[in-house]
Amino acid sequence: MTQTLTLRRPDDFHLHLRDGAMLRTVLPETARDFARAIIMPNLVPPVVTGADARAYQGRIMEALPKDAPFEPLMTLYLTEETDPEDLVAAHASGLITAVKLYPAGATTNSQSGVRDVEKVQPVLDAMAEAGVPLCVHGEVTTHDVDIFDREQVFIETVLDPLRRRTPGLKVIMEHITTSHALDYLREGGPLLGATVTTHHLMIDRNHMLVGGVRPHYYCLPIVKRATHRTALAEAATSGQERLFLGTDSAPHLDGAKLSACGCAGVFSASNTMACLAQLFEEADALDKLEAFTSSIGATFYGLPLNPDTITLERSDAPVPVPAGLDVPGEGSLTVFDPARPIHWRVL
Ligand code: NCD
Ligand code: ZN
């Protein structure tokens, strides 16, 4: 027996596309299902100025399969040297949709990020004034804070003070991983949103560490204990307001993942919608999937809803995890394994 499900075409509010051969390999995977995506700026060197964003947008459009109606929503990487005038002009012209704050050292390619948030206060004030949203990687980088506690400590010691100092700033807590972040979101009011990834809704730290270490599940923020995953999944599948999909699909070559010091990042662009349909079906909440993937985020960002649709099909037989991709001249890329049978595919 098959069943189909038609949804408004989704958006991905947190996506890493990289550059060059990797960009050309992964972009079609997202463009097949998604209408738009917030494009992360953590290239090497990062996308810091309006001119950098314009050039990167050009490379993305060049890599896009012909006639794919995909729109990259560009971002700037906030540094302590960011020029508020350049940033505000890039937003006013429609070139960028948001700005990303990486605490220096928090994650992949975050060396040029912010060491002292007080230094960027004038930029944050200008953003609040001009209505530019701030996407935040919410983890402290202090050595004495345990990696599993870094999100909670960031919310208390950095994010909450930042938001109090900057009333009027629209903030998105990126890739939240804990019930603490959910609690903070719920208290946060209309200017606070949050994204959650496909993998943080489906796996916990036991999947990563029991019976052997599974480097393909290593990402930042690190996956937490099961109670956090359950809280996130319950929130997403019950239509929690201001909580929406940002896959954080973050491709790294297998050689860089399967190493003595492996890179952080899960590549889920190829099968995110199938995984989410499975998760929402298991929660008896297929009727809430469209809000999570296709309207809550767009509404929070003030973007029009996508006019067209995608259709998923459910089959009795599980659909295998997609095969890895070949990045020409560079190596292979492994697709996220959601650790359970998936019965859905996008037609
Ligand atoms: C991301 C990457 O590889 O760029 N990695 C990850 O584990 N999520 C960076 C990020 O979003 O933290
Ligand atoms: Zn990311």
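The values are calculated or read from the model by the stated rules, or taken from the named source; none is laboratory data. Because the structure is predicted, anything quoted here is derived from the model rather than measured. So basically every Cβ, Gly included, is an ideal-geometry build from the backbone, and we count neighbours across all protein chains shown. Heavy atoms of the whole protein, side chains included, go into the accessibility calculation; ligands, DNA and RNA do not. Shrake-Rupley method; radii C 1.70, N 1.55, O 1.52, S 1.80 Å.
Looking at region 121-132, which of its residues are surrounded by fewer than 22 Cβ atoms within 10 Å (Cβ to Cβ) and in contact with a helix residue (DSSP H, G or I) (Cβ under 9 Å, 6 or more places away or on another chain)?
Result: Gln121, Pro122, Asp125, Ala126, Glu129, Ala130, Gly131.
What pairs can you find where one residue is in region 166-178 and farther than 15 Å from Leu101 by Cα and within 16 Å of ligand 2 (Cβ to nearest atom), the other is outside any loop (DSSP other than H, G, I, E, B) and not hydroxyl-bearing (Ser, Thr, Tyr), and their Cβ atoms are less than 9 Å apart, with a gap of 6+ or different chains?
Thr177/Glu151; Thr177/Val196; Thr177/His200; Thr177/His228; Thr177/Arg229; Thr177/Leu232
Being part of a loop (DSSP other than H, G, I, E, B), touching a strand residue (DSSP E or B) at 6+ places or on another chain (Cβ under 6 Å) and open to solvent by 20 Å² or more (accessible area, probe 1.4 Å) is the filter; apply it to region 1-59 and report the residue that is modelled with the lowest pLDDT.
Thr2
Would you confirm, using the coordinates I've provided, whether Ala274 is small (Gly, Ala, Ser), within 16 Å of ligand 1 (Cβ to nearest atom) and under 30 Å from Leu192 (Cα atoms)?
Considered against the rule, which asks whether it is small (Gly, Ala, Ser), within 16 Å of ligand 1 (Cβ to nearest atom) and under 30 Å from Leu192 (Cα atoms), Ala274 comes out as no.
Provide a single number: the residues in region 247-272 that are among the charged types (D, E, K, R) and within 18 Å of Asp19 (Cβ to Cβ).
Looking only at that region, the number is 1.
Is there a residue being in contact with an Asp or Glu (Cβ under 9 Å, 6 or more places away or on another chain), farther than 18 Å from Ile38 by Cα and not in a helix (DSSP H, G or I) anywhere in region 123-139?
Yes, region 123-139 contains a residue that is in contact with an Asp or Glu (Cβ under 9 Å, 6 or more places away or on another chain), farther than 18 Å from Ile38 by Cα and not in a helix (DSSP H, G or I).
Just checking, how many residues over region 138-156 are without any contact (Cβ under 8 Å) to a residue 40 or more places away in the chain and under 22 Å from Tyr184 (Cα atoms)?
So the count comes out to 10.
Check Val335, Val266, Val319 and return the single one that is of a type outside the set (S, T, N, Q) and within 16 Å of ligand 2 (Cβ to nearest atom).
Sole residue among the options that is of a type outside the set (S, T, N, Q) and within 16 Å of ligand 2 (Cβ to nearest atom): Val266.
Please specify each residue of region 237-261 satisfying the condition of being more than 20 Å from Thr198 (Cβ to Cβ) and within 16 Å of ligand 2 (Cβ to nearest atom).
Once the filter is applied, which keeps residues that are more than 20 Å from Thr198 (Cβ to Cβ) and within 16 Å of ligand 2 (Cβ to nearest atom), region 237-261 yields only Ala256.
How many residues are within 16 Å of ligand 1 (Cβ to nearest atom) and not polar (S, T, N, Q) when one looks only at region 1-33?
Matching residues across region 1-33 total 14.
Report the residue count in region 135-149 for those that are within 15 Å of the chain's Cα centre (by Cα) and away from ligand 2 (no atom under 16 Å from the Cβ).
0
Take region 76-108 and flag every residue that is open to solvent by 10 Å² or more (accessible area, probe 1.4 Å) and in a helix (DSSP H, G or I).
Matches in region 76-108: Pro84, Glu85, Asp86, Val88, Ala89, His91, Ala92.
Scan region 284-292 and give yes if some residue there is more than 24 Å from His180 (Cβ to Cβ), of a type outside the set (Asp, Glu), open to solvent by 10 Å² or more (accessible area, probe 1.4 Å) and assigned to a helix (DSSP H, G or I), otherwise no.
yes
Show the residue pairs that are 6+ apart or on different chains and have beta-carbon atoms under 6 Å apart, the first residue being within region 9-29 and more than 15 Å from Met74 (Cα to Cα) and small (Gly, Ala, Ser), the second being assigned to a loop (DSSP other than H, G, I, E, B) and open to solvent by 10 Å² or more (accessible area, probe 1.4 Å).
Final answer for the pair search is Ala21/Pro328; Ala21/Gly329; Ala21/Glu330.
Considering each of Arg186, Arg150, Arg163 in turn, give the residue that is more than 21 Å from His228 (Cβ to Cβ) and in a helix (DSSP H, G or I).
Arg163
Give just the number: which of (1) in a helix (DSSP H, G or I); (2) hydroxyl-bearing (Ser, Thr, Tyr); (3) in contact (Cβ under 8 Å) with a residue 12 or more places away in the chain does Thr299 not satisfy?
Single failed check for Thr299: (3).
Can you tell me how many residues within region 257-268 are surrounded by fewer than 24 Cβ atoms within 10 Å (Cβ to Cβ) and assigned to a loop (DSSP other than H, G, I, E, B)?
Qualifying residue count, region 257-268: 8.
Let's see how each residue does on (1) among the acidic types (Asp, Glu); (2) in contact with a Lys or Arg (Cβ under 7 Å, 6 or more places away or on another chain); (3) buried (at least 22 other Cβ atoms within 10 Å of the Cβ):
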site	(1), (2), (3)
Arg115	no, no, no
Glu118	yes, no, no
Val136	no, no, yes
Thr141	no, no, no
Asp144	yes, no, no
Ile147	no, no, no
Val153	no, no, no
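Can you name the helices (runs of 4 or more DSSP H) wholly within region 190-256 that have at least 2 residues being buried (at least 17 other Cβ atoms within 10 Å of the Cβ) and more than 16 Å from ligand 1 (Cβ to nearest atom)?
So the answer is 226-237.
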